[in-house]
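The values are calculated or read from the model by the stated rules, or taken from the named source; none is laboratory data. Keep in mind it's a predicted model, so treat the numbers as computed, not measured. Areas reflect the complete protein model, heavy atoms only, side chains present, ligands, DNA and RNA absent. Shrake-Rupley method; radii C 1.70, N 1.55, O 1.52, S 1.80 Å.
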Amino acid sequence: MEREGRLRINWVIWLTLAVIAIGLLGTVLWVVGGSYAIAYISTFPPRRRLKRSPEQFGAPYENVSFPSKDGMLLSGWYVPSNDPEPPGLIILCHGMSANRTEMLPWADTLWNSGFGLLMFDFRATGESGGDRCTAGCFEPNDLRGAVDYIATLPDAAKLPLGVFGFSMGGATAIMGAADEPRIKAVATHGAYATLEGAITQRCRHHFGPFAPLAERIIMRLGNRKRWFVAAPSTVAPLASVGRLFPRPLLLLHGERDKIIPFSDAHDLYAAASGPKELHMLPRSRHKRINRKVRSQAHERVVQFFTDNLDNPS
């Protein structure tokens, strides 16, 4: 009986150890596989078809193409103002792994407020050229190319320019406008302060206590496979935002954003030198703005551009 009892205890111990080992193996595979997927998809985003257009809110538009500042061919829509005296023209910049259609809800509000619009796909997304997203490293060249293109449009060349971007598009708006004085006002929603910090936060969001391991894997993959065109530490709107002075900056950020924490907005606000506004969006996440404050957020963006493009600094 005593021997049988010992055997039962041994089987329980071995079974427990096997379960623990399988669990650890599963966790390792989850972290490694998930890290690989994040690194790859962020760098080589899948192409998404343009299933919607400004036609959904009654706006006429033109399919356009133009070169980025470094020569990459980009595709977009030019949406002329419906106002005989437009208050300005807004360039809309989408987020990572998306395309220009992501900004259609904002385009609806701005166009119906009299603004002209330029919506375009960043490199490697939508219908633009390229096969590699650089997460804000080369995308500022795309924005500067958009500004050059607007200068060739007879009905838009003399309009004051603003730029509004979401997430990576917001970070790009800050970095691109910092060295482009033709942009007179910048607004962002959910912009990151540094790409390095954004990678860290995304790993925390997806992997919890295993985030340091996931981040190490992502960095090693990006460097070893040469997916990253530059060190993430060099992509930092936080280092550029002070150069917007004296142009105004509006920062919108979700209170419950788990992809880019609200602290990033605070850091950008603190580093900005010129006129600046920071608006927390209550009960809102990274992309999804709570429906109870959505209309106020859209009104705030319209008012910001109306005030600052009609009376540019």
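Of note:
- Angle in degrees between helix 195-207 and the longest Cα principal axis of the chain, rounded to the nearest 10: 40
- Accessible solvent surface per residue of the chain, calculated while the other protein chains remain in place, 1.4 angstrom probe, Å²: 48
- Considering only the chain, percent of DSSP beta bridges that pair antiparallel, nearest 5: 30
- Computed over the chain, the P(r) tail beyond 28 angstrom holds 42 percent of alpha carbon pairs.
- Against the criterion of solvent-accessible heavy-atom surface with a 1.4 angstrom probe, Glu62, Glu127 sort, most first, into Glu127, Glu62.
- Helices in the chain, meaning DSSP H runs of at least 4 residues, each add -39500 (n - 2.57). Divided by all residues, the mean residue ellipticity at 222 nm is -14000 deg cm²/dmol.
- In this structure, the amide hydrogen of Lys276, modeled 1.01 Å from its nitrogen in the peptide plane, lies closer than 5 angstrom to those of Leu249, counting only residues at least 5 positions away or on a different chain.
- Take the Kirkwood radius over Cα pairs of segment 41-105, plug it into Stokes-Einstein at 20 °C and 1.002 mPa s, and you get 156 µm²/s for translational diffusion.
- Entries in Lys69/Lys184; Lys69/Lys292; Lys158/Lys287 that, when Cα-Cα distance is taken, lie over 28 Å: Lys69/Lys292; Lys158/Lys287
- Potential extension, Ser233-Gln303 segment - 0.36 nm per residue separation minus Cα distance: 21.8 nm
- Calculated on C-alpha atoms, the gyration radius of segment 141-297 divided by its Kirkwood radius gives an Rg/Rh of 1.01.
- Karplus-derived 3J(HN,Hα) values for segment 78-86, using 6.51 cos²θ - 1.76 cosθ + 1.60 with θ = phi - 60°, are 9, 10, x, 5, 9, 9, x, 10, x Hz; glycine and proline are entered as x.
- Percent RCO, i.e. relative contact order, over the chain, from Cα pairs under 8 Å lying at least 6 residues apart: 16
- Hydrodynamic radius by Kirkwood, which averages 1/r over all alpha carbon pairs of segment 267-313, in angstrom: 12.3
- Rounded to the nearest whole Hz, the Karplus-based 3J(HN,Hα) values (6.51 cos²θ - 1.76 cosθ + 1.60, θ = phi - 60°) of segment 50-59 follow the sequence 7, 8, 10, 7, x, 4, 5, 10, x, 8, with x at glycine and proline.
- Straight-distance candidates among the aspartates and glutamates for linking to Lys51, with alpha-carbon spacing under 13 Å and chain neighbours fewer than 8 residues away dropped: Glu102, Glu127.
- Taken over the alpha carbons of segment 128-199 as equal point scatterers, the Debye sum produces base-10 log I(q)/I(0) values at 0.14, 0.15, 0.16, 0.23 Å⁻¹ of -0.45, -0.51, -0.57, -1.03.
- Scaled against the 2.2 N^0.38 Å expected of a compact globular protein of N residues, the Cα radius of gyration of segment 185-249 reads 1.35.
- Sulfur and carbon atoms: percent of accessible area, segment 62-111 [1.4 Å]: 50
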